[in-house]
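Engineer: This is the structure I want to talk about, given as C-alpha cells.
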Amino acid sequence: MSDLHPTIRKVTERVIERSKPGRQSYLDLMKREADRRPEREAVSCSVLAHAFAGAEEDQDALKNNRGPNIGIVTAYNDMLSAHQPYGRYPDRMKIYAREVGATAQVAGGTPAMCDGVTQGEDGMELSLFSRDNIAMATGVALSHQMYDGIACLGICDKIVPGLVMGALRFGHLPAVFVPSGPMPSGISNKQKQETRQKFAAGEVGRDALLESELASYHSPGTCTFYGTANSNQMMMEMMGLHVPGAAFVQPGSKLRQGLDRAAVHRLAELAGTTDRTLAQVVDEKAIINAMIGLLATGGSTNHAIHIPAMARAAGIHVDWTDLAELSSVVPLLARVYPNGSGDVNQFHHAGGMGYIIGELLEAGLAHRDILTVWEGGFDAYTAEPIWEDDALNWTRVTETRDDTMLRPASEPFQPDGGMKLLNGNLGRACFKSSAVDKSRWTIEAPARVFENQADVSVAFKAGELDRDVVVVVRFQGPRANGMPELHSLTPALAVLQDRGHNVALVTDGRMSGASGKVPAAIHCTPEAIGGGPLSLLRDGDMVKVCAETGELSTTADLASRIPAPDPAPEWGVGRELYRMMQAQADGAEQGASAMLKAAGL
C-alpha cells in the first residue's frame, strides 16, 4: 500500500482551502435542516393524511411511525432504454423495505432525456439545462419532508448529476444511488463506427445505417459504450454512493435484483442516523476521487462540466486546473470504447470498477479514507459482486482478466489521465487526449468558421473541407443555445482525417463521452456569445490546437476585430421555455448552471 501521491494531496488541500467558506455554509445549512426537520408526531393530521392516503398496505406502518420511510426519486420512462427497467423498481423496492421494517414511497419523478435521441436535432439544446431541471424536480420531490432516506434512480447523461445536485440540498439525509445496468452487448463497436463513417462518406445508405444502429442499441439497459451515462456510474462508485460493484451489472439478473435489494436494506439501516448522510459522504475527497476515476478510465468530457456543478451543490469549488493537474499523475488504466474496442460489459467482466479502485488505492492514487454508504469503507469497493448459493456476495478483484482493456497502475496504457487543459488567446478548453493518437495531439491549420453544425455537414458534403482544416463551431455555449453536444460531427471529421488531412475541432459546445479519434478543443470559455474570442475568428485564420503544450491560439490580430453578431434566439421544441436558464448560465468551467448561479453557490 502506497502513501497518497503528493500531487493528489496538493490538489486536495488546495480544493479544501478554496472551498472553506462555501463548504462551511453548506454544512451549517444541513445542520439547520436536520434540526428543524419536522417530526411526524408534530405535523398536522391533515398533512399526514395527504401524505399517507395513497400508501395502501403501508398506510398503517406510516400512520404508526413503525420504521423509516424511504423517498424514491425516479427518472423512469420507457423511451430511454437505460431507464426502462426502472418501471417496476418502486413496487420491488417497497417489498424490500417491508422486509426490514421500513416503508418506501415514490417522492417524485424527474425528466430524463437522451442525448442519443436528440443528437444533431433542435431538442439537444434543452439537454444541458435539463440537469438544472432535474435538480429542481428532485428538490420538489423531497420538499414534502416525509422521508428518512433518499433512493435515487437514474443512469444517463444529465440525470445523475442533476439528481446529485438536487439531493445534496437535502444532504442531512442518507442517500443511495441505484443504477439499473447496461444492456447486453450488440454488434462490435468497430463495426458500428465503420458503418457510420461509410454513411458519412456516402458509401452506404440510411437503411444500412439504421440496421447497424439497431444491432447496437437493441434492448433495455444503458448504451454499452463508455460515454457520459456509464461514466456517471463509475463516479458514483468512486464517491461511495453505490452498493459496491453495482455500476455495470445487467438488468433482469438475480445479481442485479440482489444489489437493488441490498441498496434498500442499507438505506433503511442508515435512515434516521447521522453517521453517513449525503452531505458527509460527498465531501472534497469524494469529489477528487470522482475526478481521479474519470481520468483513470478515460471517461466522458461532459464531466468537466458536471463535476464542478455537483461539487458546488455541496459547497465545494473545483476547476479545470485541478482536473489537469490530477490528469498529469493519474495513469490511464482502462480502454473502453470509444477509447478501445471493448464495451462496458467486457470492462466489467475484465475486473471492472473493483479492479480500478484496487489499483488506484494500492498505488496511492485515490483517497482511501472517504466515507461511503456501505460498511467497510472504500476498501469494500475493490470487490466485485457475485450471486452464489442464492445470495449476494463479493469477491476481491486482484488482477485484470483482459490486459487489452484493463491494466495495472504499474503498466498503464498511458502515464497520464488523458484530459488536457488548453489555454491561449482563444480561451480555455478541454482536450480528451486519451481518445486521440499522439501523432495528432498538435494540429495547426487554417480555420473554417461555422455557427451551427448543420452548415459543417453541408460544407463536408460539398468537398469544401477536404484539406488540412481546423473546424470552428461557435455560438454553441450555454448562454448561446444551451451548449448542445456536437459528436454527430465526428464521423465526417474522421473521414477527413482518414484521408490524410490534419483536422481538429474547436468549439464552445460539448462533444460528450463519445469524443472520438479526432482532436477537439471543446467547452471553450469564454463562449463566443457576447464577444468571446471565438466570435473574432475568420475563415483562413491559422489556429493551433496542441495537447502537448496545452495551447489553444491563433496568430490573427483579434484585438483589431469586431465580434461577429450574436445569433438570434431560436424558437420551437420548447427551447424558448429555457431562455431564462440560458440568459443566467455561468461558464462551462463553473458548471454551466443557471440554478447554482441564481442560488449564489
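The values are calculated or read from the model by the stated rules, or taken from the named source; none is laboratory data. Note that the structure is predicted; figures quoted are calculated from it, not measured. Here the Cβ positions follow ideal geometry from the backbone for every residue, glycine too, while neighbour counts run over all protein chains shown.
Engineer: Could you check the range 556-580 and list, in sequence order, the residues that are outside the structural domain of GLU527 (by TED's automatic domain parsing) and either in contact with a His (Cβ under 8 Å, 6 or more places away or on another chain) or in a helix (DSSP H, G or I) (or both)?
Structural biologist: Once the filter is applied, which keeps residues that are outside the structural domain of GLU527 (by TED's automatic domain parsing) and either in contact with a His (Cβ under 8 Å, 6 or more places away or on another chain) or in a helix (DSSP H, G or I) (or both), the range 556-580 yields ARG575, GLU576, LEU577, TYR578, ARG579, MET580.
For every residue, the table says whether it meets (1) within 22 Å of PRO6 (Cα to Cα); (2) of a type in the set (A, V, I, L, M, F, W, C); (3) under 17 Å from the mean Cα position of the chain (by Cα).
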site	(1), (2), (3)
MET291	yes, yes, yes
GLY299	no, no, yes
ASP322	yes, no, no
SER328	yes, no, no
LEU333	yes, yes, no
TYR337	no, no, yes
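Engineer: Ok, one more. If you check every pair at least six apart or on different chains, which have Cβ atoms under 8 Å apart with a residue in the range 158-184 that is under 21 Å from HIS265 (Cα atoms) first and a residue that is crowded, with 24+ Cβ neighbours inside 10 Å and of a type in the set (D, E, K, R) second?
Structural biologist: So the pair list comes out as VAL178/ASP260.
Engineer: Also, I was wondering about something else. Would you tally the residues in the range 332-350 being modelled with pLDDT of 95 or more, part of a loop (DSSP other than H, G, I, E, B) and crowded, with 24+ Cβ neighbours inside 10 Å?
Structural biologist: 1
Engineer: For the range 16-64, what are the residues that are surrounded by 13 or more Cβ atoms within 10 Å (Cβ to Cβ), at pLDDT below 95 and of a type outside the set (D, E, K, R)?
Structural biologist: Hits for the range 16-64 are ALA34, VAL43, VAL47, LEU48, ALA51, PHE52, ALA55, GLN59, ALA61, LEU62.
Engineer: Listed residues ARG256, ARG276, ARG266, ARG261; which is among the basic types (Lys, Arg) and either assigned to a loop (DSSP other than H, G, I, E, B) or without any contact (Cβ under 8 Å) to a residue 40 or more places away in the chain (or both)? Step through it out loud before you land on a result.
Structural biologist: Numbers: ARG256 fails: either assigned to a loop (DSSP other than H, G, I, E, B) or without any contact (Cβ under 8 Å) to a residue 40 or more places away in the chain (or both); ARG266 fails: either assigned to a loop (DSSP other than H, G, I, E, B) or without any contact (Cβ under 8 Å) to a residue 40 or more places away in the chain (or both); ARG261 fails: either assigned to a loop (DSSP other than H, G, I, E, B) or without any contact (Cβ under 8 Å) to a residue 40 or more places away in the chain (or both).
None of the other options fit; the residue is ARG276.
Engineer: Among the residues of the range 154-189, how many are of a type in the set (Phe, Trp, Tyr) and surrounded by fewer than 24 Cβ atoms within 10 Å (Cβ to Cβ)? Steps first, please.
Structural biologist: Of all residues in the range 154-189, those of a type in the set (Phe, Trp, Tyr) come to 170, 177.
Retained after the next criterion (residues that are surrounded by fewer than 24 Cβ atoms within 10 Å (Cβ to Cβ)): none.
Within the range 154-189, residues that are of a type in the set (Phe, Trp, Tyr) and surrounded by fewer than 24 Cβ atoms within 10 Å (Cβ to Cβ) number 0.
Engineer: Within the group LEU406, LEU360, which residue is in the same structural domain as GLY245 (by TED's automatic domain parsing) and of a type outside the set (Ser, Thr, Tyr)? If you could, list the steps in order and put the result at the bottom.
Structural biologist: Values: LEU406 fails: in the same structural domain as GLY245 (by TED's automatic domain parsing).
Criteria check complete, one pass: LEU360.
Engineer: Residues of the range 118-140 being among the aliphatic types (A, V, I, L, M) and in contact with a helix residue (DSSP H, G or I) (Cβ under 8 Å, 6 or more places away or on another chain), which ones?
Structural biologist: Taking the range 118-140 and keeping what is among the aliphatic types (A, V, I, L, M), we get 124, 126, 128, 134-137, 140.
The answer is MET124, LEU126, LEU128, ILE134, ALA135, MET136, ALA137.
Engineer: Shifting gears a bit: Look at the range 195-233 and say how many of its residues are assigned to a helix (DSSP H, G or I) and surrounded by 15 or more Cβ atoms within 10 Å (Cβ to Cβ). Spell out the reasoning first.
Structural biologist: Going through the range 195-233, the residues assigned to a helix (DSSP H, G or I) turn out to be 195-200, 206-216, 228-233.
If we keep only those that are surrounded by 15 or more Cβ atoms within 10 Å (Cβ to Cβ) too, we end up with 195-200, 209, 212-213, 216, 228-233.
Qualifying residue count for the region: 16.
Engineer: Do we find a residue being touching a residue at least 12 places away in the same chain (Cβ under 8 Å) and at positive phi anywhere in the range 109-127?
Structural biologist: The answer is yes, given that some residue of the range 109-127 is touching a residue at least 12 places away in the same chain (Cβ under 8 Å) and at positive phi.
Engineer: Looking only at residues in the range 576-595 that are in contact with a Ser or Thr (Cβ under 9 Å, 6 or more places away or on another chain) and among the acidic types (Asp, Glu), which one is surrounded by the most Cβ atoms within 10 Å (Cβ to Cβ)?
Structural biologist: GLU589
Engineer: Moving to a separate point now. May I ask you to say which residue of GLY221, GLY272, GLY252, GLY166 is touching a Gly at 6+ places or on another chain (Cβ under 7 Å) and at positive phi? Spell out the reasoning first.
Structural biologist: Details: GLY272 fails: touching a Gly at 6+ places or on another chain (Cβ under 7 Å); GLY252 fails: touching a Gly at 6+ places or on another chain (Cβ under 7 Å); GLY166 fails: at positive phi.
The unique qualifying residue is GLY221.
Engineer: Can you tell me which residue in the range 375-390 is surrounded by the most Cβ atoms within 10 Å (Cβ to Cβ), limited to those that are under 12 Å from TYR355 (Cα atoms) and of a type in the set (D, E, K, R)?
Structural biologist: It comes out as GLU384.
Engineer: Return the residues of the range 70-81 that are touching a strand residue (DSSP E or B) at 6+ places or on another chain (Cβ under 8 Å) and either modelled with pLDDT under 95 or among the acidic types (Asp, Glu) (or both); say none if nothing qualifies. Give the steps one after another, and end with the answer.
Structural biologist: Of the residues in the range 70-81, the ones touching a strand residue (DSSP E or B) at 6+ places or on another chain (Cβ under 8 Å) are 70-76, 81.
Listed by number, the list holds a single entry, SER81.
Engineer: Just wondering, is there one or more residues in the range 48-57 that are more than 25 Å from the chain's Cα centre (by Cα), without any contact (Cβ under 8 Å) to a residue 12 or more places away in the chain and within 20 Å of HIS265 (Cβ to Cβ)?
Structural biologist: Checking the range 48-57: at least one residue is more than 25 Å from the chain's Cα centre (by Cα), without any contact (Cβ under 8 Å) to a residue 12 or more places away in the chain and within 20 Å of HIS265 (Cβ to Cβ).
Engineer: Here's something else I'd like to know. Just to confirm my filter: which helices (runs of 4 or more DSSP H) fall fully inside the range 419-536 and include at least 2 residues that are over 26 Å from the mean Cα position of the chain (by Cα)?
Structural biologist: Values: elements: 453-461, 478-481, 490-498.
In the range 419-536, the matching helices (runs of 4 or more DSSP H) lie at 453-461, 490-498.
Engineer: Out of all the residues in the range 470-502, which are over 22 Å from ASN232 (Cα atoms), touching a strand residue (DSSP E or B) at 6+ places or on another chain (Cβ under 6 Å) and crowded, with 23+ Cβ neighbours inside 10 Å?
Structural biologist: The answer is VAL470, VAL471, VAL472, VAL473, GLN476, LEU493.
One line per residue, one yes/no per condition, for (1) at pLDDT below 95; (2) within 20 Å of GLU375 (Cα to Cα):
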{"position": "PRO251", "(1), (2)": "no, no"}
{"position": "GLY258", "(1), (2)": "no, yes"}
{"position": "ALA271", "(1), (2)": "yes, yes"}
{"position": "ALA279", "(1), (2)": "no, yes"}
{"position": "ILE287", "(1), (2)": "no, yes"}
{"position": "ILE292", "(1), (2)": "no, no"}
